[in-house]
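Working notes, structure below.
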Amino acid sequence: MKGKRILPMSLVLTLLLAALILGGCVVENSPAPGCVRYLGPAPIGGCAGKQIVKDIRVVPDMECLNVTANNCNGGVLVISNHCEQPVILSGVTVSAHSENLTFDVSRKGGKYVLVRSGGNVSGYLPKSDERISIEGSFGGKPLRLEFVKTGPLCP
């Protein structure tokens, strides 16, 4: 068979091992991107947060209000209001039919409040887990947003 080359098995194994190392295999997973440990270099990306937002709950439950976490860099809230009316949370109005508005949490006068965030970076980084409750209203009725902002999940 002229023209065909078969690679030696040791070269194939070396190439596979190099691909695994350079690809950054996860050896310790975490919900906080900055706490994920890799075998080899970490993948290129901008997420390095060691804290997260979790256990998000709206009381009473509203199907038209979607609140999620973006835990890329310390944990911020992403709110989409598909309701026909605005939602007010700690004095901040989330207009009806708003999509993917990003909010961070802050403390003012001993109370937790929401503040608009320009991206996925949180400025509020507690030293330990904090259970947070944000008071608000929808259609004149009380509403509460509850979640946990964690302390660092790794050193």
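Set side by side, the residues ASN70, ASN100 differ, and just one is of a type outside the set (Gly, Ala, Ser), within 26 Å of LYS50 (Cα to Cα), loosely packed, with under 13 Cβ neighbours inside 10 Å and under 15 Å from the mean Cα position of the chain (by Cα), which is ASN100. The set of residues from the stretch 94-115 being farther than 22 Å from CYS64 by Cα and assigned to a loop (DSSP other than H, G, I, E, B) comprises GLY109, GLY110.
Applying the criterion of being part of a strand (DSSP E or B) and either within 24 Å of PRO155 (Cα to Cα) or in contact with a Lys or Arg (Cβ under 9 Å, 6 or more places away or on another chain) (or both) to the residues of the stretch 116-130, the residue that is modelled with the highest pLDDT is GLU130.
Criterion first (under 16 Å from PRO31 (Cβ atoms), of a type in the set (Lys, Arg) and buried (at least 19 other Cβ atoms within 10 Å of the Cβ)) does LYS54 satisfy it? When the stated conditions are applied, LYS54 does not pass them. Pairs linking a residue in the stretch 85-107 that is farther than 15 Å from GLU135 by Cα to a residue that is aliphatic (A, V, I, L, M) and outside any strand (DSSP E or B), with Cβ atoms under 8 Å and 6 or more positions apart or on different chains, are GLN85/ALA96. Screening GLY118, GLY136, GLY151 for residues that are surrounded by 11 or more Cβ atoms within 10 Å (Cβ to Cβ) and free of Cβ contacts under 8 Å to residues at least 60 places away in the same chain leaves exactly one candidate, GLY136.
The set of residues in the stretch 75-93 being in a loop (DSSP other than H, G, I, E, B) and either more than 20 Å from the chain's Cα centre (by Cα) or among the polar types (S, T, N, Q) (or both) consists of HIS82, CYS83, GLU84, GLN85, PRO86, SER90, GLY91.
If the condition is being charged (D, E, K, R) and either touching a Pro at 6+ places or on another chain (Cβ under 6 Å) or at pLDDT 95 or above (or both), then the stretch 46-83 contributes LYS50, LYS54, ASP55, ARG57.
The values are calculated or read from the model by the stated rules, or taken from the named source; none is laboratory data. These numbers were taken from a predicted model, which means no experiment stands behind them. Backbone-built Cβ (ideal geometry, glycine too); neighbour counts: all protein chains shown.
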